[in-house]
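Working notes for the structure below.
The values are calculated or read from the model by the stated rules, or taken from the named source; none is laboratory data. Note that the coordinates shown come from a computational prediction; the quantities given were computed from them, not determined experimentally. Note that we place each Cβ from the backbone using ideal geometry, even for glycine, and neighbour counts take in every protein chain shown. Side chains included, ligands, DNA and RNA excluded: accessible areas come from the protein's heavy atoms. Shrake-Rupley method; radii C 1.70, N 1.55, O 1.52, S 1.80 Å.
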Amino acid sequence: MLPEQFIAETRRLMGERAWEMVEHAILDDLPPVSVRLHPQKSEGFGMASPLATRVPWCPSGMFLPTREAFTFDPLFHAGAYYVQESASMFIDLVLRQYVRQPVIMLDLCAAPGGKSTAARAALPDGSLLVCNEPVASRAQVLAENMQKWGHRDVIVTNNLPKDFRKTGMLFDVVLADVPCSGEGMFRKDPGAREEWSMQNVERCQALQREIVQHIWPCLQPGGIMIYSTCTFNQHENEDNVEWICREMGAEVLDVDTDDSWGIRGSLSQTFHKPVYRFIPGFTKSEGLFMAILRKDGENETSRKDKKENGRKAKGKPQTPKGWEMMEEQGFEWRDNGAGLFAIPGQWASCHDRLDNSLRLLHAGIRMGEVKGKELLPHPSLALATGLGTLPLPKYGLSYDEAITFLRKESLTLTGDRPRGWTTVAYNGLNLGFVKNIGNRANNPYPQGWKIKSSHAPDNPPKVLRLNNITSS
């Protein structure tokens, strides 16, 4: 059942006919299933099902005919695709329309990472994406997903929105996917219905305005804020956008869409600027609201060769033996106490500025730990894109071996394999590392990343298939 006050408010907002469509979709229809493919890691693969169809507003998004057991797909853990609700993929279209030059972007409330991975795939080369999550446990999930996505030009932080003002950094793009009352998730998450109340709507509206007030000064003049919620009501959506325009002087921008997609506009009787509503029953999606806002002024500082006057780095360790290739590719070393990180040189000063003011969980490529002169590699290194061949032997895993590895269990490598560190892969995509000691291979896969379920599906999930089925 849906909350009575929610029904009354939404019926009043949408009108009787539209409400009947929404109510039917929430209570009677199954949620659509969609994934978004990694632009590099999915190369060489096709969709396993001939019934998969493309998400119209995101070329890399695909609707699946059924929900697969994604947890048991090694390609999911390798970062070949991300399971994401289709409306959230709209960020791809927005960024490709409005961001044509390299930028520094902040995703302010980013966990679990769906919009961050979509943004990172859509941003021009030479851009930096800072992904932040205020809640510590959710921030760890965000860091994991960004490492599996594997892009080097990423920094993950765990801070409150107000903390960014003390960094002194200005961002060209800010995505404020703000905490909300979650009405748009009623179909997928019945628990959200039980937590709903008008009092919570009012609390969310106040929190959302507070977040925007904190982060607006960190947006470059002429920069873009993408404001979004996963809720239906006007208070958290049109009313807040109207407030941002009035209080901050923001300009609302239009996005090129197609009427056949079913995206609705403003439902307010007084606010008629372009906004974008994804509503079950009208769009093949859950509920989402998005508005694109430009800050007044002219941005003259968003350039690929932009230099930041960062403070002194906390640590500049020595190059680990055998990994000189990273310096040759323009990386600099940093150690913030969580291990050794390789930071793209053009972002080293940005990293240092953020590291001096914020809590950084991940940056660039997490290499691992150095003990003596040996690097104990972290899987982030194996999952990174664009590094070429790593200076370690490589071992292809069968499906069963890959699941064993992802459960953090030891393996036995067949054949005459050298002792020491070995990259393990499935269908050509890296999963991580093992250390071969002869009779077995020790598995340092992170405890928090492992498959915890002892259950195994009767058949392996089928999301992607190799175009060349003879590949290993």
remark   = Log entry: pair-distance distribution for the stretch 157-206, C-alpha pairs binned every 10 Å from zero, whole % per bin is 20, 36, 28, 16, 0
request  = Using just the helices of the chain, give the 222 nm mean residue ellipticity in deg cm²/dmol: DSSP H runs with n ≥ 4 each add -39,500 (n - 2.57), and the total is spread over all residues, rounded to 500.
outcome  = -7500 deg cm²/dmol
task = Beta carbons within 10 angstrom, averaged per residue: use that to sort the peptides 262-269, 167-174, highest first.
result = 167-174, 262-269
key: Table column - 3J(HN,Hα) (Hz), the stretch 192-201, Karplus curve with 6.51, -1.76, 1.60, x for Gly and Pro   = 5, 5, 5, 8, 6, 7, 5, 5, 5, 4
ask   = So for the chain, taking the charge dipole from beta-carbon charges (+1 Lys/Arg, -1 Asp/Glu), which of F70, T167, M89 sits furthest toward the positive end?
value = T167
Approximate shape of the stretch 317-429 as ellipsoid semi-axes (Cα gyration tensor, √5λ), whole Å, largest first = 29, 15, 13
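Please list, by residue number, every one of the trypsin sites (Lys or Arg not before Pro) in the stretch 415-444 that is coil in DSSP and has at most 16 other beta-carbon atoms within 10 Å.
Counting only loop positions with at most 16 other Cβ atoms within 10 Å, the trypsin sites (Lys or Arg not before Pro) in the stretch 415-444 are R419, R440.
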query = Roughly speaking, to the nearest percent, how much of the stretch 101-185's 1.4 Å accessible area is carbon and sulfur?
reply = 52 percent
Unit charges at the beta carbon, dipole of the chain: most positive-side option, T389, V156, I226 = T389
inquiry  = What is the distance in Å between the Cα centroid of the stretch 354-383 and that of the stretch 413-465?
reply    = 21 Å
key: Solvent accessible area, Å² - T66, 1.4 Å probe, full protein context   = 70 Å²
task = Take the stretch 406-470, drop everything but the C-alpha atoms, weight them equally and run the Debye formula without solvent; then report log10 I(q)/I(0) at 0.17, 0.23, 0.27, 0.29 Å⁻¹ to two decimals.
result = -0.78, -1.11, -1.19, -1.23
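Note down the magnitude of the dipole of the chain about its Cα centre, charges +1 on Lys and Arg C-beta and -1 on Asp and Glu C-beta and zero elsewhere, to the nearest 20 debye.
1720 debye
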In Hz, Karplus ³J(HN,Hα) per residue of the stretch 288-297 (6.51, -1.76, 1.60; θ = phi - 60°; x = Gly, Pro) = 8, 10, 8, 9, 10, 10, 9, 7, 5, x
key: Convex hull of Cα atoms in the stretch 194-252, direction-averaged projection (nm²)   = 4.3 nm²
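Note down, for the stretch 29-72, the three equivalent ellipsoid semi-axes (square root of 5 times each alpha carbon gyration tensor eigenvalue), biggest first, whole angstrom.
Semi-axes from the Cα gyration tensor: 17, 14, 10 Å.
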message = I'd like the per residue volume of the convex hull spanned by the Cα atoms of the stretch 70-171, given in cubic angstrom.
response = 101 Å³
Convex hull volume per residue for the chain, taking Cα atoms only, in Å³ = 148 Å³
inquiry  = With both bridge residues required to lie in the chain, what share of the DSSP beta bridges run antiparallel, to the nearest 5%?
reply    = 70 percent
query = With all protein chains present and a 1.4 Å probe, how do H24, H214, H362 order by accessible area, largest first?
reply = H24, H214, H362
ask   = Tell me, what is the per residue accessible area of the chain in Å², probe radius 1.4 Å?
value = 43 Å²
note = Check: C-alpha center the stretch 205-278 vs C-alpha center the stretch 33-72, spacing in Å is 29 Å
task = Please sort 331-342, 47-58 by packing, taking for each peptide the average over its residues of neighbouring beta carbons within 10 angstrom, highest first.
result = 331-342, 47-58
message = Report, in listed order, any pair from K316/K373; K373/K452; K162/K450; K371/K452 with a Cα-Cα distance greater than 22 Å.
response = K373/K452; K162/K450; K371/K452
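Find how much the distance from L160 to A338 grows on full extension, using 0.36 nm per residue of separation minus their present alpha carbon separation; answer in nm with one decimal.
Taking 0.36 nm per residue and subtracting the Cα distance, the gain is 62.0 nm.
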